[in-house]
Amino acid sequence: MNLGTSEVITILGTISFAMSGTFSAMQKRLDPFGILIIAFVTAIGGGTVRDLLLGDTPVAWMRDIQTCLIILFTSIGAILFKTQVKKFKVTLFLFDSLGLGLFTVLGLQKGINFGLAPGICIALGTITGCFGGIIRDTLLNTIPLIFRKEIYATVCIAGGLLYYLLAFLKVDLTLIKLIVIAFIFVLRIIVVKYKLTLPKLVY
Amino acid sequence: MNLGTSEVITILGTISFAMSGTFSAMQKRLDPFGILIIAFVTAIGGGTVRDLLLGDTPVAWMRDIQTCLIILFTSIGAILFKTQVKKFKVTLFLFDSLGLGLFTVLGLQKGINFGLAPGICIALGTITGCFGGIIRDTLLNTIPLIFRKEIYATVCIAGGLLYYLLAFLKVDLTLIKLIVIAFIFVLRIIVVKYKLTLPKLVY
Amino acid sequence: MNLGTSEVITILGTISFAMSGTFSAMQKRLDPFGILIIAFVTAIGGGTVRDLLLGDTPVAWMRDIQTCLIILFTSIGAILFKTQVKKFKVTLFLFDSLGLGLFTVLGLQKGINFGLAPGICIALGTITGCFGGIIRDTLLNTIPLIFRKEIYATVCIAGGLLYYLLAFLKVDLTLIKLIVIAFIFVLRIIVVKYKLTLPKLVY
C-alpha cells in the first residue's frame, strides 16, 4: 500500500512536470527533440539533483525505464493534442501544483530515510520539487521563475514544516503525506490566484 | 587492441571538443583563462555528467591527468595558431562531428558495462556526446545550440539505435563501434550541409 | 588545532560567500526567498561541486546543519542591516577575497587527502573557490564575472602553485595554508585595485 502510494505519487508528479516542460519549450519554439529534452529535464531534474547530493547512484531514472517512457508519451501526447490541452490551462496549472506537492513529499521522505536532520530534509524536499523548473528555465535562458514571482520554494518549505509538525503530533505517516501534498497544492493555488508575493526589498 | 581503440577515441574526442570550446570562448572575447575554462568544460562536460549520474567517482578526468594535459595543449595551440586554424574551419567542424560520434559510442558502451536498459544507454551516449556543448553554451549565456538548430541530439539517438540494431544482428563489437562513429559523423555533416532541421511546431 | 583551523576557515569562507550572494540577489531585486536561495547556492556551490566530483556524498552541507544555519543568519543579517553594510563595501570585498583564499586551500587539501595528482588538486581548489560565484551568476542570468574581468581563477591557480612550491621546500603544513590564503587574499586585492586583467585576444 505504502509502496503503491509512493509509486502513484511519482507517476503523477512525473506526468505533470513533463507537461510543464513541454509547454515551456514550445513557447520558445524549440524543435521536437529540444522539446523532449526540456520535458525530460523538467520531470527528472529535481529527483536527479536529490540523488546526486545523496550519492544514491545510478540516479533513479536510470534504474527505472518506466519513468522515461511516461515522460516520452506525456510529451508526445502534449505536442499532438496541444490545441485541446491549451484549453485546459487551468487543469495544467492544477497538475503542476499537485506535482510540486508530490515531489516535495517524496524528497523529504527520502532525506528522512537517509537519516538526515529535519532542516536538511526540508531543503531536499524543496530541491526535489523545484529544481526541475530551475534547470528548465536556466537552459531556456530566462531568470528562473522561482526567483522572480511565484514563491514556489516558500510553499515547499511551509509544507515541510507542516510535515514535521504533524509527525511531532504522532499523526499516521500516510495521512501526513496526503495532508502535506494537499496543503502545498492548495497553498500554491491560493498564492497564484490572489497574486500573493513576498515583499520586494527596496533600497 | 580494444583498450587501444577506446583510448584513441577518447583522445580524439577530447581534442576536438577542446577546440570547439576554445573558439566559442574567443568569439565571446573572454580572457585567456576564461577560454581555458570553457575549453576544459566543453571537453570533459559530457563525460563528467555521465560519471556523476552513474556514480562512477572520482570522475574520469580526475583520475587521469593525461586528459587535462591534452585539453591544455589543444587550447593553447588553438589560441596561438588562431589565424591558421580559422582557415581550417571545415576541418574543425569535421573534428567536432567526429568527437560527437566518438563520445556517444563511449557513453553508450559505459552504460552497457553498467548493465543498464538499452533506452537508458542511448540516453547516456547522447548525454556524453552533447552535454559538453550544453554546459558551454549555458555558461556563455546563450540558448544552447542543441535546442535551436542542429538536431545534435537526434543524430546521437539515431546512432544509438543503429548500435543496438547491429548488436542484434551479431556484428563484431569493434566493427559496430566504427560503423556507429562513422554513421554519426556522416549524418551530422549531411544534416548541417543541407540545413536539415526537424520541423518547427506552429500554433 | 589543525581541525580548528579548517573549521574556522570553513566558517569564515561560508559567511563571506553568503554575503556576496545576498547582495548580488538584492541587486537583481529578487524576493527574500530568492535571496536566501542565491546566498545558499553561492556559499555551498563550490564545496558541493567538489564533493560530487570526488563522490564524497551525501555532500558536506547535508551532514552539517551548522553550515546551513550560518548561511541563514548571515543572509538575514545582511538583508536587515543592508544600509549599514553597504557602507562597508570595502569590508565586504575583503571578506570575499578572504573567502576565495580559504575555500581554495580547503579544496586543494581535500584533493590531496584523496590522493589525486597535483594538477587535479589545484583544479579542485579553484573549483571550490570559484564555483559558488559561477552558479550564482548563471542562475541570475549574467555571463559569470569569472569569465569576464577579475581573473578570479588565475589567482586561485597561482595560489595552488605556491602551495606545491612551499610543500616542495618542506615548509610546515599549517604555515603553508596561512601563507597561501594570505597570498590569494592580497593578490586578488592588488588585481582588483589596479584593474589588472589578462590581455584580451584580438582577431
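The values are calculated or read from the model by the stated rules, or taken from the named source; none is laboratory data. Since we're looking at a predicted model, the values are computed, not measured. Quick reminder, even Gly has a Cβ in these numbers, built from the backbone with ideal geometry, and neighbours come from all protein chains shown.
Looking across segment A:115-133, not a single residue is in a loop (DSSP other than H, G, I, E, B) and in contact (Cβ under 8 Å) with a residue 60 or more places away in the chain.
Scanning segment B:108-137 for residues that are closer than 17 Å to B:I9 by Cα, over 9 Å from the mean Cα position of the chain (by Cα) and at the interface with chain A (Cβ under 10 Å from one of its Cβ atoms) yields B:G111, B:L124. Looking only at segment B:2-59, residues that are on the phi < 0 side of the Ramachandran plot and in a loop (DSSP other than H, G, I, E, B) come to 7 in all.
None of A:I38, A:I44, A:I70 is within 11 Å of another protein chain (Cβ to nearest Cβ), among the β-branched types (V, I, T) and within 14 Å of A:T10 (Cα to Cα) except A:I44. For B:F93, the stated conditions do not hold, so it cannot be described as surrounded by fewer than 20 Cβ atoms within 10 Å (Cβ to Cβ), among the aromatic types (F, W, Y), assigned to a helix (DSSP H, G or I) and free of Cβ contacts under 8 Å to residues at least 24 places away in the same chain.
Kindly establish whether A:A25 is in contact with a helix residue (DSSP H, G or I) (Cβ under 9 Å, 6 or more places away or on another chain), at the interface with chain B (Cβ under 10 Å from one of its Cβ atoms) and surrounded by 22 or more Cβ atoms within 10 Å (Cβ to Cβ). Answer is yes for this residue. Here C:V192 meets the list (1) modelled with pLDDT under 90; (2) under 22 Å from C:S6 (Cα atoms); (3) assigned to a helix (DSSP H, G or I) almost entirely, failing just condition (2). Comparison of C:F93, C:F103 shows that the only residue that is aromatic (F, W, Y), under 14 Å from the mean Cα position of the chain (by Cα) and at pLDDT below 85 is C:F93. Find the residue count for segment C:4-39, including only residues that are of a type in the set (S, T, N, Q) and within 23 Å of C:L178 (Cβ to Cβ). Count: 6. Residue pairs whose Cβ atoms lie under 6 Å apart, separated by 6 or more positions or on different chains, with the first residue in segment C:53-65 and within 13 Å of chain B (Cβ to nearest Cβ) and more than 14 Å from C:G111 (Cα to Cα) and the second polar (S, T, N, Q) and assigned to a helix (DSSP H, G or I), are C:V59/C:T48.
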